[in-house]
Amino acid sequence: MAIKEAFLLEARRTGLMPQAAEITDLNGIIRGMRQASALMVEWPGCSQLRSPISFVRASDNERTDLVKKLSELTQGKVKIVIVSSPHFRMINRENSRELALLVKDTLKLQ
């Protein structure tokens, strides 16, 4: 069995991907990850922001330095919002409403 097929089976088994997911879905995710990595390497950075940062944190994110790290990027306020979902399920059907409301509320403040 190919590595991608094994990964897809495990992703389905653990709920990381829906049961109907296929190799083409996995290929799209891999392509997106490669593109994001390439962009990060090429990004020259920017001077410090002046705007607020709202960071949506998954319930399984245990970092304790987020406010400190994000504060280094901006002169504005930093707000951490914890959603009741692990990272890999943040944008599934059940959690998309909660995220949409968070975005809506954040945009009202700015």
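Any read-out appearing in this document is the output of simple, stated calculations on the displayed coordinates, not a laboratory observation. Only a predicted model underlies this, so the values are computations on that prediction, with no experimental measurement involved. Note that each Cβ is placed from the backbone with ideal geometry, even for glycine, and that neighbours are counted across all protein chains shown.
Take the stretch 58-110 and flag every residue that is closer than 29 Å to Ser47 by Cα and touching a Pro at 6+ places or on another chain (Cβ under 9 Å).
Ala58, Asn61, Thr74, Gly76, Lys77, Val78, Lys79, Thr106, Leu109, Gln110
Which count do you get for residues in the stretch 96-110 that are without any contact (Cβ under 8 Å) to a residue 24 or more places away in the chain and either farther than 30 Å from Gln19 by Cα or not in a helix (DSSP H, G or I) (or both)? Show your work before the answer.
So the first thing to find is which residues in the stretch 96-110 are without any contact (Cβ under 8 Å) to a residue 24 or more places away in the chain, and the list is 96-98, 100-101, 103-105, 107-108.
Next cut, either farther than 30 Å from Gln19 by Cα or not in a helix (DSSP H, G or I) (or both) only: 104-105, 107-108.
Number satisfying all stated conditions: 4.
With respect to Lys68, determine if the residue is out of contact with any helix residue (DSSP H, G or I) (no Cβ under 6 Å at 6 or more places or on another chain) and within 25 Å of Ser96 (Cβ to Cβ). Lay out the reasoning, then the answer.
On the way: out of contact with any helix residue (DSSP H, G or I) (no Cβ under 6 Å at 6 or more places or on another chain): yes; within 25 Å of Ser96 (Cβ to Cβ): no.
When the stated conditions are applied, Lys68 does not pass them.
Here are some residues: Ser71, Ser96. Which one is more than 17 Å from Leu107 (Cα to Cα) and polar (S, T, N, Q)?
Numbers: Ser96 fails: more than 17 Å from Leu107 (Cα to Cα).
Exactly one residue qualifies, and that residue is Ser71.
When the stretch 55-95 is examined, which residues are found to be more than 30 Å from Arg12 (Cα to Cα) and in a loop (DSSP other than H, G, I, E, B)? It would help to see each step written out before you state the result.
So the first thing to find is which residues in the stretch 55-95 are more than 30 Å from Arg12 (Cα to Cα), and the list is 64-80.
Within the stretch 55-95, Thr64, Asp65, Glu72, Leu73, Gln75, Gly76, Lys77 meet the criteria.
Could you list, in sequence order, the residues of the stretch 1-54 that are over 18 Å from the mean Cα position of the chain (by Cα), in contact (Cβ under 8 Å) with a residue 12 or more places away in the chain and either loosely packed, with under 10 Cβ neighbours inside 10 Å or in a loop (DSSP other than H, G, I, E, B) (or both)?
Ala21, Glu22, Gln48, Arg50, Ser51, Pro52
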